[in-house]
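Engineer: Got a structure here, written out as structure tokens. Questions coming.
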Amino acid sequence: MTELIPAPRSVVAGSGEVRLTARSRIYASPETEGAGHWLRTVLRQATGLPLREGRELDDAEGGIGLQLDPRLGPEEYRLVSDSTGVLIEGGSEAGVFWGAQTLRQLLGPDAHRRAPLDRDRAWAVPHVTIEDAPRFRWRGLMLDVARHFMPKEGVLRQLDLMAAHKLNVFHFHLTDDQGWRVEIKRYPKLTETASWRARTKFGHRASPLWDEKPHGGFYTQDDIREIVAYAAERHISVVPEIDVPGHSQAAIAAYPELGNTDVIDTTALSVLDTWGISANVLAPTDNTLRFYEGVFEEVLELFPAHAGEFSAFVHVGGDECRKDQWRQSPAAQARIRELGLADEDELQAWFIAHFDTWLTARGRRLIGWDEILEGGLAENAAVASWRGYAGGVAAAQAGHDVVMCPEQYVYLDHRQAAGEDEPVPIGYVRTLEDVYRFEPVPQRLTEAEARHVLGTQANVWTEVMESQERVDYQSYPRLSAFAEVAWSSLPAPGERDFAAFERRMAVHYRRLDALGVGYRPPTGPLPWQQRPGVLGRPIEGAPPNR
């Protein structure tokens, strides 16, 4: 009971168990049929039991029943296992689905496998009553597929792993200087040209090593529709990110007119093959605005607003926009004067505000990194606070919604230990315990301001993650700790029982094994997980005060 991750709000243990047999059925009320289909599928695979569909709740006696209870909150659930069987009730189908994830954990690590190890083994759910609900509505994972492309099957697998940890927002970072990953039919060069690069820096940008083969890939529009539908079945909202006005060199390489043509020869640009922040940013022209409106029109069709609680959000980046070209560009300077703006910071704010207005008119919401605060924040925008807590605090105090994802705590590309064996060491040392003690709500916010914190997310930037195996290693087990921070009502960071969490992780590692996750072992990297001689970018120092 105590090995569940994330930890439930309330667990009351009984003294018996419910045995699942060839006669056991799963009943799902009409409102929970999706959750029932998912549960039947995964448990049939793992157990080899038929688990036939029950036609009414009484059919599930000695089996499993799923239904709604309108007295519960939207993602709240109650799981009761007793002499009559297992009943999961939720305030919505999402709540029932999270309860089904808990049931899967109660059945043991092998319930996470895709085929039974032993068809004669007994499967049992201990008698227990669990009442549970999430602390935060937004419990996110950002995956960067622009720096290193992850094929569609890998993305679907990430969604399954998110669901297993009760995470519900998939922030899909689709474009950057190093690649464009989504098909836009009216602009075919975005995939013909911008989706691949000739070679790739191996390690941090100071590394002398190169992978000399081309790297690339993109998702067709049908791939995107499949990913969104697959996520929705798991009650995960997908928030796409299309970067503007910085992090746009790949797009400019495909369509040179998008760049500052009066400053540089944009026709000579190619997709960036190394890491860092490119000086090549979008020109603040009407042509650029119309181009990206065309991009966003197709993006909105691919990512419909009804596909999850937060699916109305569209992320526009807005971070790390170098303004040197704008300072040098007569056209950009003329635009500043024309608009009556004070400087280049306000020019970026104008750019973001344009798309805030454009998206709002279509029933959508803009979210961007905390740099969108510079020069004034668009009226309806939400902020993803990555440069520590300050941006999120400022946004919440101004009445804007916030997602807390400070790099000093939840950037999972940062190294997990200080040892020399740690592969491609990046950033701060952030251990499993550091992530477990992360607190998303800054202490300095008032109660009213804190209500603007929608939640939190962990970010997986893939500059030094060239494969699914590297993503697994950097993400786990820290993402398991993050999931508990996002879901569970934990004590203050200094009062959290990390030793108890480690004891539960001893069982959770076996679940991750069953799911095929190549996590970092608590004893350190395995030989094949190391990257000897590949330079990183270590940063020393403690995280800033909340």
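Engineer: Can you find a residue in region 500-509 that is over 26 Å from Ser311 (Cβ atoms), assigned by TED's automatic domain parsing to the domain that holds Phe313, assigned to a loop (DSSP other than H, G, I, E, B) and not aliphatic (A, V, I, L, M)?
Structural biologist: no
Engineer: Pairs please, first residue from region 431-460 and at pLDDT 95 or above, second anywhere and of a type in the set (Phe, Trp, Tyr) and in a strand (DSSP E or B), Cβ atoms under 6 Å, 6+ apart in sequence or on different chains.
Structural biologist: Matching pairs, first to second residue: Leu454/Trp138; Gly455/Trp138; Asn459/Tyr411.
Engineer: Please go through region 297-319 and pick out each residue that is more than 16 Å from the chain's Cα centre (by Cα) and free of Cβ contacts under 8 Å to residues at least 60 places away in the same chain.
Structural biologist: Glu297, Glu301, Ala305, His306 - these are the residues of region 297-319 that are more than 16 Å from the chain's Cα centre (by Cα) and free of Cβ contacts under 8 Å to residues at least 60 places away in the same chain.
Engineer: Among the listed residues Gly14, Gly34, Gly91, which satisfies the condition of being surrounded by fewer than 23 Cβ atoms within 10 Å (Cβ to Cβ), closer than 17 Å to Pro126 by Cα and touching an Asp or Glu at 6+ places or on another chain (Cβ under 7 Å)?
Structural biologist: Of the residues listed, the single one that is surrounded by fewer than 23 Cβ atoms within 10 Å (Cβ to Cβ), closer than 17 Å to Pro126 by Cα and touching an Asp or Glu at 6+ places or on another chain (Cβ under 7 Å) is Gly14.
Engineer: Please enumerate the residues belonging to region 20-41 that are part of a helix (DSSP H, G or I) and either of a type outside the set (D, E, K, R) or over 30 Å from the mean Cα position of the chain (by Cα) (or both).
Structural biologist: Within region 20-41, Pro30, Thr32, Gly34, Ala35, Gly36, His37, Trp38, Leu39, Thr41 meet the criteria.
Listed here are the residues, each with its yes/no results for (1) in contact with a strand residue (DSSP E or B) (Cβ under 7 Å, 6 or more places away or on another chain); (2) of a type in the set (Ser, Thr, Tyr).
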position	(1), (2)
Leu190	yes, no
Ala194	yes, no
Ala198	no, no
Phe202	yes, no
Glu212	no, no
His215	yes, no
Tyr219	yes, yes
Ile224	yes, no
Tyr230	no, yes
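Listed here are the residues, each with its yes/no results for (1) in contact with a Leu (Cβ under 9 Å, 6 or more places away or on another chain); (2) of a type in the set (S, T, N, Q).
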| residue | (1), (2) |
| --- | --- |
| Thr21 | yes, yes |
| Glu31 | yes, no |
| Gln45 | no, yes |
| Arg55 | no, no |
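Engineer: Of the residues Val263, Val238, Val228, Val295, only one is farther than 24 Å from Ala334 by Cβ, assigned by TED's automatic domain parsing to the domain that holds His204 and not in a helix (DSSP H, G or I); which?
Structural biologist: That would be Val238, the only listed residue that is farther than 24 Å from Ala334 by Cβ, assigned by TED's automatic domain parsing to the domain that holds His204 and not in a helix (DSSP H, G or I).
Engineer: Please find, within region 284-310, the residue that is modelled with the lowest pLDDT out of those that are surrounded by fewer than 23 Cβ atoms within 10 Å (Cβ to Cβ) and of a type in the set (Gly, Ala, Ser).
Structural biologist: This residue is Ala307.
The values are calculated or read from the model by the stated rules, or taken from the named source; none is laboratory data. All figures in this text were calculated on a predicted structure; none of them were measured in a lab. Cβ atoms come from the backbone with ideal geometry, glycine included; neighbour counts cover every protein chain shown.
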